[in-house]
Amino acid sequence: MPPDEPPDRRRRAALSHLHDLPYLQTHPFGGRRGKELRRRLADGLAEMGAGRTAESLRLRYAEGEAMTAEEAIDYALADDEPVRLVRPTASPGAEATPRSRGGR
């Protein structure tokens, strides 16, 4: 991983390899302390508390169980927490155009 990668991308990469100690030992956050990085990541996931987002992250990273899109929608709708739906504003590959100011 290049050292100029944004921190959020580095975090996702470390979480995605939570059970891959050789990878964590080469990760910029871990270095030779791969076991320490794995422990801190696992502790962070455990301390997230309750809720759909926390549970989804624990399933994905700590237990390695990724949900399909259909399962994620069912999971989101099964709780009383509000669900935020995001609709794409442009088709994939289309260049986004900024809206003009003043509502024109």
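The values are calculated or read from the model by the stated rules, or taken from the named source; none is laboratory data. These numbers come from a predicted model, not from an experiment. Don't worry about glycine lacking a Cβ; one is built from the backbone with ideal geometry, like all the others, and counts go over all protein chains shown.
Quick notes
- Any hit, region 76-84, residues being assigned to a helix (DSSP H, G or I) and either of a type in the set (F, W, Y) or at pLDDT 85 or above (or both): no
Okay, residues lined up against (1) surrounded by fewer than 13 Cβ atoms within 10 Å (Cβ to Cβ); (2) assigned to a loop (DSSP other than H, G, I, E, B); (3) of a type outside the set (D, E):
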position: Q25; (1), (2), (3): no, no, yes
position: L41; (1), (2), (3): no, no, yes
position: L45; (1), (2), (3): no, no, yes
position: A50; (1), (2), (3): yes, yes, yes
position: S56; (1), (2), (3): no, no, yes
position: L59; (1), (2), (3): no, no, yes
position: E65; (1), (2), (3): yes, yes, no
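- Scanning region 18-44 for residues that are farther than 21 Å from E5 by Cβ and without any contact (Cβ under 8 Å) to a residue 24 or more places away in the chain yields a count of 3.
- For region 8-23, filtering for residues that are surrounded by 16 or more Cβ atoms within 10 Å (Cβ to Cβ) and either of a type outside the set (G, A, S) or out of contact with any Leu (no Cβ under 9 Å at 6 or more places or on another chain) (or both) leaves 6.
- Single unsatisfied condition, A72 versus (1) assigned to a loop (DSSP other than H, G, I, E, B); (2) at pLDDT below 75: (1)
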